[in-house]
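The values are calculated or read from the model by the stated rules, or taken from the named source; none is laboratory data. Just so it is clear, the structure is predicted and the values come from calculations on it, not from any experiment. Neighbour counts run over all protein chains shown; Cβ positions are idealised from the backbone, glycine included. Calculation scope for accessible area: heavy atoms of the full protein, side chains included, ligands and nucleic acids excluded. Shrake-Rupley method; radii C 1.70, N 1.55, O 1.52, S 1.80 Å.
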Amino acid sequence: MTTVQEAKKRGPERHLTNKYNFAGPGTFYEARMKGSNFYENLMKEAGRKVVGTKPYNVPINKVDACAKIHDATYIDKNASAAKVKAADRVFQNCVSKVKPSDGIQQAILAKAAKIGFEGKLKVEGAGLIRKGSFAAGGDKHSVLGQKLKGAVGMGRKAMGSVSKTIKKVI
């Protein structure tokens, strides 16, 4: 995502705090990796808020560094649901190494992020949202979505049969 049109279509970056460059959903990862000037200009042209701390392509702390690694998988449109899940687990493992001595706020945010990802993985496992949610790749539909899609298809098929029967009768 590096064009103005793409940036306008996407939702905003929602980082843990406005100082983080990577930790939080919606990171404009590709734009950040092209450098601070590119990122700032793209956000300005797209009418978006610049989020984070200069330089925008460098993590500000350990939690942000874990998120940067994680985001590299999340932008991959070809990443399987299993690869996205593995990235989620790597992120959780990474943030679990953040200690209070790294800063109380960072330790609290690390714990919250770990718990948040655990919740995401459980909801995906239950089939309520698609596996690999919030990533460019992953499954195309959740288990629930697949069942609903199948039910809609069966409903259309049944309606088609009813319509044919009515036409024969008329």
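Side notes on the structure shown:
- A residue that is open to solvent by 40 Å² or more (accessible area, probe 1.4 Å), hydroxyl-bearing (Ser, Thr, Tyr) and under 22 Å from ALA72 (Cβ atoms) can be found somewhere in segment 95-111.
- You will find that of GLY138, GLY155, the residue that is surrounded by 17 or more Cβ atoms within 10 Å (Cβ to Cβ) and modelled with pLDDT under 95 is GLY138 and no other.
- Against the test of being at pLDDT 95 or above, in a helix (DSSP H, G or I) and within 19 Å of LEU16 (Cα to Cα), the options ALA86, ALA107 yield a single qualifying residue, ALA107.
- Test: ARG10 is of a type in the set (Lys, Arg) and closer than 24 Å to LYS111 by Cα: no
- Residue check, ASN57 assigned to a loop (DSSP other than H, G, I, E, B), out of contact with any strand residue (DSSP E or B) (no Cβ under 8 Å at 6 or more places or on another chain) and within 22 Å of ALA136 (Cα to Cα): yes
- Test: residue in segment 5-21 that is in a helix (DSSP H, G or I) and surrounded by 13 or more Cβ atoms within 10 Å (Cβ to Cβ): yes
- Leading residue by the ranking (most open to solvent (accessible area, probe 1.4 Å)) among those in segment 22-80 that are on the phi > 0 side of the Ramachandran plot and in contact with a helix residue (DSSP H, G or I) (Cβ under 9 Å, 6 or more places away or on another chain): GLY47
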